[in-house]
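The values are calculated or read from the model by the stated rules, or taken from the named source; none is laboratory data. Model, not experiment: these values are computed from the prediction. Here the Cβ is made from the backbone with ideal geometry for all residues, glycine too, and neighbour counts use every protein chain on show.
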Amino acid sequence: MKSIQKTTLTMLAIFMMTSSLIYALYKRKNNLKSIQKTALIMLAIFVMTSSFTYATPSTIIWIPSVDFQGYKSFHLGIDNYAYDFKSGKPGSGTAFPTDLGLTVGVLPDSIVLAEIGVDYMTPQWSPFLLNAKVGVPEGAFADWTPAIAVGGFGFGFLKNFTDYNIVYGMVGRTFPVIGRLEAGYFSGNKKLLVDLSTGKSDNSGILLSWDRNIPEISDNLWLAVDYQGTKSSFGALSYGFAWTFSKNVSVIFARDVFNADIPSTFTMQLDINI
């Protein structure tokens with residue numbers, strides 16, 4: 001009975017958040033605050049109905065993905081960034097802290113999935129950022145149906161400093177030989193997501209990605225490319241590879257090339273499943 005109730009609640013959440021995102025495409029300037037409030041409410045529901053604390057969203061390299069942590073499965077991520085001063089402007093004043101994240105799956109359901117999370121950004125004032133998403137996997141309703149994820153990240157506690165309040169929707173599908181393709185759209189706090197060259201609001205854009213395991217070389221090798229639109233500090237093209245060292249441990253090695261005129265970064269991301 002409890003499982004049915006949670007599934008029903010989550011389906012309602014998906015409907016509410018998807019409807020808000022679709023409506024935002026039509027009138028996003030007037031409705032962004034409403035969409036952000038919806039995402040915050042859903043995050044609160046997940047936290048209150050789960051027996052766990054917080055967690056972080058599953059990603060490709062830089063952007064969210066349609067992947068989910070399994071029920072009661074914890075994921076620890078440590079993401080580090082190092083500047084590549086050969087491109088961009090070293091004196092731009094931008095910096096990316098180390099991201100310590102924890103993710104956990106919270107629904108005991110094979111069709112409707114959900115995860116919640118927290119990021120600890122160090123060094124940074126007000127370092128905690130909350131995350132959550134719900135969705136369904138590929139083939140949930142028929143063999144041809146794509147994976148769907150609706151969620152939000154960057155919900156900080158310091159107004160107009162860490163409250164990026166980014167909400168998004170993603171769809172993804174795996175194709176033979178080609179690999180997996182994903183596409184989506186996001187929108188966030190217009191006071192923080194600004195064009196870094198003009199200072200004007202640039203808070204909405206597309207999300208795209210491709211990823212594939214490469215068994216032709218090794219079962220441990222994975223390649224990926226992802227893209228987030230806008231010339232804000234979030235807009236970037238990222239590409240790289242991951243190597244699985246054991247069943248529960250892998251490391252991503254990648255480069256982030258930002259859309260704005262700021263230094264590119266090399267990133268190493270340690271992923272541990274518990």
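For Tyr120, the conditions (1) touching a residue at least 24 places away in the same chain (Cβ under 8 Å); (2) among the hydroxyl-bearing types (Ser, Thr, Tyr); (3) assigned to a strand (DSSP E or B) all hold with the exception of (1). If you check Gly151, Gly240 for being outside any loop (DSSP other than H, G, I, E, B), closer than 25 Å to Tyr120 by Cα, touching a helix residue (DSSP H, G or I) at 6+ places or on another chain (Cβ under 9 Å) and in contact (Cβ under 8 Å) with a residue 24 or more places away in the chain, only one passes: Gly151.
For the residues Ile63, Ile45, Ile35, the requirement of being at negative phi and at pLDDT 95 or above singles out Ile63.
The C-beta contact set for segment 48-70 (first residue closer than 13 Å to Asp271 by Cβ, second residue at pLDDT below 50 and in a loop (DSSP other than H, G, I, E, B), distance under 9 angstrom, 6+ apart or interchain) comprises Gln69/Ala55. Among the residues here, Asp109 does not qualify as at pLDDT 75 or above, within 16 Å of Ile61 (Cα to Cα) and of a type in the set (Asp, Glu). State whether one or more residues within segment 226-235 are basic (Lys, Arg) and closer than 28 Å to Lys190 by Cβ. Scanning segment 226-235 turns up at least one residue that is basic (Lys, Arg) and closer than 28 Å to Lys190 by Cβ. Any residue in segment 168-177 that is part of a strand (DSSP E or B), among the polar types (S, T, N, Q) and on the phi < 0 side of the Ramachandran plot? Yes - at least one qualifying residue is present in segment 168-177.
Checking Ser73, Ser126 one by one, the residue that is surrounded by fewer than 21 Cβ atoms within 10 Å (Cβ to Cβ), at pLDDT 70 or above, on the phi > 0 side of the Ramachandran plot and of a type in the set (S, T, N, Q) is Ser126 and no other. Checking Ser232, Ser218 one by one, the residue that is at pLDDT 95 or above, of a type in the set (Gly, Ala, Ser) and under 23 Å from Pro263 (Cβ atoms) is Ser232 and no other.
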